[in-house]
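Engineer: Just passing along the structure, written as structure tokens.
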Ligand code: URA
């Protein structure tokens, strides 16, 4: 069991009703809580394995994500997939992937505080339902949306932080550089952003291995 909600269930109590990811997705797809609803093609809810121990939280959908309805399927997503695969992480088996913001902001601008606040309940309910042992916060906006920490991603990346509060207690969180930043910084040299991200993802793989081993021993 990771969070305080459950062990092995795919449903949690929300507003007095048992909720599942499927029901949450149906509800989320109709969201009109902020003006981004007007400009979207569709809500981008999630992709990957809802039973994974790793939850990856990105920023917001771009044009390709808005078109296809899945997070991280554009150029950033391709680089992310490549780096995950290099670390031995299978994006469909080892991770559940979501964004802090579910609808595409116009011209891919940064989401506003109002949009982040409006969207946060969807993210919180996804976290509660997926109940991940580890959460990867990809980019400064995810860091801000989940931990309320503004700035400092280059300093904080790669460090595990213990989750606090009812939703995050019992989970380990790691900020990572955003793949769109890595696309703009293509150096592979030692000490470069890509080099650090490879090291960070290797640390994630090691922690996942340890968690899987512990789970196998207790089974
Ligand atoms: N960037 C993100 O943060 N999320 C996506 O889904 C795509 C690009």
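Okay, residues lined up against (1) closer than 25 Å to residue 210 by Cα; (2) more than 14 Å from the chain's Cα centre (by Cα):
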| position | (1), (2) |
| --- | --- |
| 67 | no, yes |
| 78 | no, yes |
| 100 | no, no |
| 133 | yes, no |
| 139 | no, no |
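Engineer: Would you confirm whether or not region 2-14 contains a residue that is in contact with a strand residue (DSSP E or B) (Cβ under 7 Å, 6 or more places away or on another chain), farther than 18 Å from residue 121 by Cβ, at pLDDT 95 or above and surrounded by fewer than 20 Cβ atoms within 10 Å (Cβ to Cβ)? Steps first, please.
Structural biologist: Step one: list which residues in region 2-14 are in contact with a strand residue (DSSP E or B) (Cβ under 7 Å, 6 or more places away or on another chain), which gives 5-6, 10-12.
Cutting the leftovers down to farther than 18 Å from residue 121 by Cβ gives us 6, 10.
This time we only want the ones that are at pLDDT 95 or above, so: none.
The answer is no, given that none of the residues of region 2-14 is in contact with a strand residue (DSSP E or B) (Cβ under 7 Å, 6 or more places away or on another chain), farther than 18 Å from residue 121 by Cβ, at pLDDT 95 or above and surrounded by fewer than 20 Cβ atoms within 10 Å (Cβ to Cβ).
Engineer: Could I ask something else about it? Restrict the check to region 143-159 and report whether at least one residue is within 16 Å of the chain's Cα centre (by Cα), within 16 Å of the ligand (Cβ to nearest atom), surrounded by 21 or more Cβ atoms within 10 Å (Cβ to Cβ) and assigned to a loop (DSSP other than H, G, I, E, B).
Structural biologist: There is at least one residue in region 143-159 that is within 16 Å of the chain's Cα centre (by Cα), within 16 Å of the ligand (Cβ to nearest atom), surrounded by 21 or more Cβ atoms within 10 Å (Cβ to Cβ) and assigned to a loop (DSSP other than H, G, I, E, B).
Engineer: Identify the residue in region 165-216 that is over 16 Å from residue 76 (Cα atoms) and in a strand (DSSP E or B) and, among all such residues, is nearest to the ligand (Cβ to nearest atom).
Structural biologist: 175
Engineer: Does residue 62 satisfy being more than 24 Å from residue 147 (Cα to Cα) and modelled with pLDDT of 95 or more? Before you say what the answer is, go through the steps one by one.
Structural biologist: On the way: more than 24 Å from residue 147 (Cα to Cα): no; modelled with pLDDT of 95 or more: yes.
For residue 62, the condition - more than 24 Å from residue 147 (Cα to Cα) and modelled with pLDDT of 95 or more - is not met.
Engineer: Wholly within region 18-105, which helices (runs of 4 or more DSSP H) include no fewer than the required count, namely at least 3 residues that are within 16 Å of the ligand (Cβ to nearest atom), closer than 26 Å to residue 207 by Cβ and in contact (Cβ under 8 Å) with a residue 24 or more places away in the chain? I'd like the intermediate steps shown before the answer.
Structural biologist: On the way: elements: 21-28, 36-39, 63-68, 75-86.
Where helices (runs of 4 or more DSSP H) fall fully within region 18-105 and carry at least 3 residues being within 16 Å of the ligand (Cβ to nearest atom), closer than 26 Å to residue 207 by Cβ and in contact (Cβ under 8 Å) with a residue 24 or more places away in the chain, they are 75-86.
Engineer: For region 113-124, state whether one or more residues are assigned to a loop (DSSP other than H, G, I, E, B) and either within 16 Å of the ligand (Cβ to nearest atom) or closer than 23 Å to residue 197 by Cβ (or both).
Structural biologist: Kept after step one, since they are assigned to a loop (DSSP other than H, G, I, E, B), are these residues of region 113-124: none.
Checked against the condition, which is being assigned to a loop (DSSP other than H, G, I, E, B) and either within 16 Å of the ligand (Cβ to nearest atom) or closer than 23 Å to residue 197 by Cβ (or both), region 113-124 yields no hits at all.
Engineer: Check region 130-142 and report whether any residue there is in contact with a helix residue (DSSP H, G or I) (Cβ under 7 Å, 6 or more places away or on another chain), away from the ligand (no atom under 16 Å from the Cβ) and under 28 Å from residue 20 (Cβ atoms).
Structural biologist: Looking for residues that are in contact with a helix residue (DSSP H, G or I) (Cβ under 7 Å, 6 or more places away or on another chain), away from the ligand (no atom under 16 Å from the Cβ) and under 28 Å from residue 20 (Cβ atoms), one finds at least one in region 130-142, hence yes.
The values are calculated or read from the model by the stated rules, or taken from the named source; none is laboratory data. If you're wondering where the values come from, they're calculated on a predicted model, not measured in any experiment. Positions of Cβ are generated from backbone atoms using ideal geometry, with glycine treated the same way; all protein chains shown enter the neighbour counts.
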